Every structure is written in structure tokens, then in C-alpha cells.
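The values are calculated or read from the model by the stated rules, or taken from the named source; none is laboratory data. If you're wondering where the values come from, they're calculated on a predicted model, not measured in any experiment. Note: ideal-geometry Cβ built from the backbone for every residue, glycine included; neighbour counts use all protein chains shown. These accessible areas exclude ligands, DNA and RNA; they are computed on the full protein's heavy atoms, side chains included. Shrake-Rupley method; radii C 1.70, N 1.55, O 1.52, S 1.80 Å.
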Amino acid sequence: MAKISIDLKAGKVKKESDVIIGIDLGTTNSLVAYIKEGKPLAVKGENQKNTLVPSIIHFDENNKIIVGDTAKEKLISNPENTIYSVKRLMGKSFNDVLDFKDHFGYEVIDEDEEKLVKVKVGNRFYTPIELSAEILKELKNRVEKELEATVSKAVITVPAYFNDTQRQATRDAGKLAGLDVLRIVNEPTAASLAYGVGLANDLDETVVVYDLGGGTFDVSILEIREGIFEVLSTHGDTFLGGDDFDRAIMEYWLKDININEKDNTSKQALRLLAEEAKKRLSSNEEFEGEINGISLSLDRNTLDQIISPIVEKTIDACRKAVTDAELEIKDIDKVILVGGSTRTLLVKEKVAEFFGKPVFDELDPDEVVALGAAVQADVLAGKQKDVLLLDVTPLSLGIETMGGLMDVIIPRNNKIPARAGRNYTTSIDGQTNLKVSVFQGERDLVKDNRKLGEFILKGIPPMPAGIPKIAIHFVIDADGILKVKAEEERSGVQTEVEIRSQYGVSEEEMAIMLLESLKNAESDMKARGLLEAKIEAKNILLSADKFMKSNKEILSPEEMKQTQLLTIQLRASVEGNDKDLINECMHQLNTYTNPLAHRAMDLNISKAMKGKKI
Ligand code: ADP
Ligand code: MG
């Protein structure tokens, strides 16, 4: 069902599509796909020619932003205003990119207050998130033109090795582009889905995804069980790819011809010719071309020889990935090829030879990730009923413990289904009820997180504080529904509740919460420290009172007075908010009463032993 909305500015009626799009936001190229008449389809550009959008952003003299093929043309003529490879900067700090900042033709800077790196264009600074958002907007436009309707929901892929910050940055880029990012999916997972792997729930499979692009290489081993994709290992090289093949060909030719080091135009032309030769040899035996009137040729055998060391490096990585996954080659069921450079015949041959089986290469290796993202999107849209949802927990889940602290039981980004548990106990003698309050969020204090629900475990047999063994279990099923169970293990008393509001947090709320948690990390830590000190102080005060009451005759009046004085001091400090003062008062009371407690204990023991035979 498509909704109709009215674009007030244009005064037009605009259709809103319910299609969820799949996006491959790549280092070199990006593309968008969706399910059309039951089949994933990558969307072509205006000329109906190319599905790939070069991931390049150009700022023209009026600061207008151009993305894609037109921007790519500016790479040589206007490098400082033409941004490429932003994906390499996503979620990174200046220190993270220090080693390869010379790789960029534009200026990468750091600012004092902000940890994440920025790119300088003219006199403005852009975050990689803003730049990626421009690529995403271009893709969104492209699909909206094709569908003649607006789209607002998307699935975006990222490399399996992307960490939380990088994934979050990708999500944020989507948000900035006006997209509700329903899910961030691993590229190898998407590639598998494009081949239908993982769609049959009852099949357990181990799949290798070998992805060789323009400038990056990675290999991932996935285990798929009941529709759940788990990355067992990933290996690779973030600076290895088809560009290296081009360079090797250039070097080979440069043995025969002379090009001035400073002649950039000729060097660039030679590089393009090398790429052309490489591509041609993926389907022909020979290549002939010319540069500056000199003819150059290359045949398949020669190409294989000169790129062989590079291909071998990728095979080494495959070997490591298999070992890391604690598997043997015979355990691998399928091998899937991804990335433009897997069209190179030697690559196909060597990968098939290493894994000892034919590779999956029927789909266009440039499109396979986007096609899989579209399949995932379709699953999310509920169009493929018998497929399990693959997901991670968007925010941490936990319970409230003493003093209003958040105790995380299932952390953020944990894959689901998931189960986890932890043991607790009572804090009061004879306690028969225990309130379990469930929260979601990243902050240390539950009051700053979102309450999902609470229940009371009743009927705990009266026992001294600390004796009951209360296990709290969290189970999230494949639909994202959280069940919480509390059980007192000595007596078997238990209560279980289902909590359905897990996805009650909107994208916006989530972004705000995460931002807040970063901003408040320091004050949270202070608040936590203070609370912990107060809890400890109260416990010490309780024992001190008990101690004084039960040892009246052992303590001298002087000792009694001094102990009382120190407890009064500590009690007063707990009323305030000075953690250091509380700790100091605790320390004083402890140091003073420690020898007294030892003396009392010795006396009490010998009293108890009196008259007993050993
Ligand atoms: P990325 O994953 O980095 O965005 P791609 O998957 O788009 O990159 O791959 C780009 C690389 O694929 C380039 O090095 C390009 O030269 C190479 N490539 C494209 N077509 C062919 C072909 N027919 N034969 C060999 N290599 C190719
Ligand atoms: Mg790619």
C-alpha cells in the first residue's frame, strides 16, 4: 500500500512508496537496489547505463555538491575539492587515519574538541558522515526517480569488520540523507542473501565471502544456522585491490617505455590504459593499445605472472581466515565472489583452487552486495514470511541494581536471538520480595535510560541478606521480543514476564540517547562513583552500629566514644555529595575499628570455645 503525501512547496501530490531500499555504500562505488516483481534489481542512472555510482563528491566553485560520475571527472583537474574514499574515514579519529592520510588528495584535519576526523573543503569542514550522506542522497534520488515516489526506509551494508562507531556513523549518514535506516547489514551477509544462502531456515551452512574491490580486500567466513548469520572470522587488507593490479601492469610497461616522473597526464593515461588492459584480459587473451605513439601490449599469461604475488597475498588471508574460524577447508560449503576485481580470471582460478570447489560468480560481483541488501530489506518489509529476522540489539538491556545503577545484561549490538543471565542476591535480612526493573540504554544511571517494565519476584523464603541466589535471565527471540525470568535457585521460586516495547525507541531518540551518553560519560562516572561510595558507607554504618550494640562490654568507654564520633562524621558525609570526603570518613572509621573488631572476634571465639572439648 503506497501512501499519498502532498509536497506543499511544489504544490504537487507525491506518492510515498513502501519499498525498503538496499544500499551498498562502497569505498570506490555505491549502488542502490530494491525488489521489483519478486527479484532484486540494481537501479541504473539517468542514461540507463550504469548501476554504479562512484563514491566521489565534488564541490564546485559555487559550493554546489556533485556526486558520482561527474565528480569522478574532477578527480584529476580539481583534487582538493573532490573527495573520494570517505568510507575509509567513517567513525575514525585523526590518529586512526594518520598512517594513511597521504593517501588522500584532499585535506584531512582534526579539531581539538572533536575526536572524529573532518575533511576540509574550501573554508568549510565536513564530517565523513555528512559526505557519505551526500552519496546516500544521490542514491535516494535515483531510486525515487525510477519509482516516481518518495522512499524513506533503507538497509545499508558495511564491512563485517566495521566497529560500533563506524556502524553508528553509517546509520547517522542515512539519517542525514533523510533515510530511516532499519538495519545495518554486513556486506558478506548481504552477498550470501543475494545468492539465496540463509533464506532456507532449516539449512546450516558455512560460507566464505571473498571480496576484492578497487582498493580493499576482505574475506569473511560466515556460519548460517536457522537464518542467523554469524561472522566466524574476517581477514584482509584495507590497501589491497584492483588498483594494485593496475600498478603492476604500469611497472611492467615502464620497463620498455620512458615516461617523465613529473608528467602527470601521461602517468594518468598509462594508469587508465593499464586498467583497460586488465579488464579486457578478463574476457580476451590479448590486449593492444598505445600511448604517446608507442604501442603497448599484454597477454593473459604475462598478466597472470605479474599479478600472481598480489593474488597470493589474498590466498594467504583466506588461509588465516579458515584457521581463525577453527575450521578446515573441507568444512566450507560455499564460496561467494564479490567486488569488481574478482572478474580477473586468475583470481577466480586461485580462489576455486584453494577452496577446492567451484565459486559462486553468476551474479554481477559489483552488484551482489546491493542486491542482497534489497533481499534483506524485503525480509524486513515482511514480504518473505518464513525468513527469520536477523538483528542486533539496538541498545543495551539491563536491570536496576542498588542505588539506581544500570547493570547491563545484554549489551548493545548483541546479535539476536540472544540469552544472558546474571546472579543477584538480597540486601536485607529476611527479604521475601525482589523488584526487578528492566531498562534499555547506554547510561550508567537507570533514571537516564528508558524503563521497559518491572515485576516482583515474590515468595522468596526468608533468609539472611546475601544468602538467596537469584538468577535473572534475559532471552530475546528472533522477533526481538524480550523475556525476563527471575528465579531464586535455592527454593525454585520464579517469575517470568514478556516485554514487548523493545523497539519503542525511535531512531531520533536513539541518536539523542547515544549522543547524551557520550557527552555525559564523565559526569556519569562521577555520579556512579558517588553512589557507590554512598552505598558502601551505608553498609559500613550498619555494621558499625551492629558492632557497637553487640560488643558493649568489650569496648572501653573511650573506644566507644571515638567509634560513635567517627560514625557520626561518616553519616554526615553521606548526606553530602563529596565522594572523596565519604571515602576519607569510611577509611578513618575502618582503620580505627579494625583492631577493635579483631579483639572482639578473638574474645567471642574463646568465649564460645569455653567448656567445649577439642
Ligand atoms: P569497491 O569495493 O572498492 O567499491 P569495486 O567492487 O567496485 O570496488 O571494484 C572496483 C575494481 O574492480 C577496480 O579495480 C576495477 O578496475 C575492477 N574491475 C572492474 N571490472 C573489471 C574486469 N572486467 N576485470 C577485472 N577487474 C575489473
Ligand atoms: Mg565493494
Would a scan of the stretch 348-359 turn up a residue that is more than 10 Å from ligand 1 (Cβ to nearest atom) and under 20 Å from residue 199 (Cα atoms)? yes
Determine which single condition residue 589 fails, assuming it passes every other condition in (1) open to solvent by less than 80 Å² (accessible area, probe 1.4 Å); (2) farther than 26 Å from residue 465 by Cα; (3) modelled with pLDDT of 85 or more. (2)
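If you go through the stretch 315-324 one residue at a time, do you hit one that is crowded, with 20+ Cβ neighbours inside 10 Å, outside the structural domain of residue 78 (by TED's automatic domain parsing) and more than 33 Å from the chain's Cα centre (by Cα)?
Start the filter on the stretch 315-324 by keeping residues that are crowded, with 20+ Cβ neighbours inside 10 Å, which leaves 318, 321-322.
After this cut, where a residue has to be outside the structural domain of residue 78 (by TED's automatic domain parsing) as well, the list is 318, 321-322.
Remaining after also requiring more than 33 Å from the chain's Cα centre (by Cα): none.
No: zero hits.
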Looking at the stretch 569-586, which of its residues are in a helix (DSSP H, G or I), open to solvent by 70 Å² or more (accessible area, probe 1.4 Å) and not aliphatic (A, V, I, L, M)? 569, 571, 575, 579, 580, 584
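Looking only at the stretch 325-341, which residues are within 16 Å of ligand 1 (Cβ to nearest atom), assigned to a strand (DSSP E or B) and either out of contact with any helix residue (DSSP H, G or I) (no Cβ under 6 Å at 6 or more places or on another chain) or open to solvent by 20 Å² or more (accessible area, probe 1.4 Å) (or both)? I'd like the intermediate steps shown before the answer.
Of the stretch 325-341, the ones within 16 Å of ligand 1 (Cβ to nearest atom) are 336-341.
Okay, now just the ones that are also assigned to a strand (DSSP E or B), so 336-338.
Scanning the stretch 325-341 gives a single hit, 337.
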What do you reckon, is residue 35 more than 16 Å from ligand 2 (Cβ to nearest atom), open to solvent by less than 40 Å² (accessible area, probe 1.4 Å) and under 25 Å from residue 215 (Cβ atoms)? no
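Results for (1) away from ligand 1 (no atom under 16 Å from the Cβ); (2) modelled with pLDDT of 95 or more, shown as yes or no for each residue.
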| site | (1), (2) |
| --- | --- |
| 169 | yes, no |
| 179 | yes, no |
| 207 | yes, yes |
| 220 | no, no |
| 239 | no, no |
| 248 | no, yes |
| 266 | yes, no |
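Conditions (1) within 16 Å of ligand 2 (Cβ to nearest atom); (2) part of a helix (DSSP H, G or I), marked per residue:
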site: 240; (1), (2): yes, no
site: 248; (1), (2): no, yes
site: 260; (1), (2): no, no
site: 266; (1), (2): no, yes
site: 298; (1), (2): no, no
site: 315; (1), (2): no, yes
Could you list, ordered by first residue, the pairs with Cβ atoms under 9 Å in which the first is in the stretch 331-346 and over 11 Å from residue 358 (Cα atoms) and free of Cβ contacts under 8 Å to residues at least 12 places away in the same chain and the second is away from ligand 2 (no atom under 16 Å from the Cβ) and of a type outside the set (Lys, Arg), at least 6 apart or interchain? none
Number of the condition not met by residue 214 [criteria: (1) within 21 Å of residue 152 (Cα to Cα); (2) in a loop (DSSP other than H, G, I, E, B)]: (1)
If we take the stretch 47-155, then helices (runs of 4 or more DSSP H) inside it with 3 or more residues that are under 25 Å from residue 175 (Cα atoms) and away from ligand 1 (no atom under 16 Å from the Cβ) are 94-97, 128-147
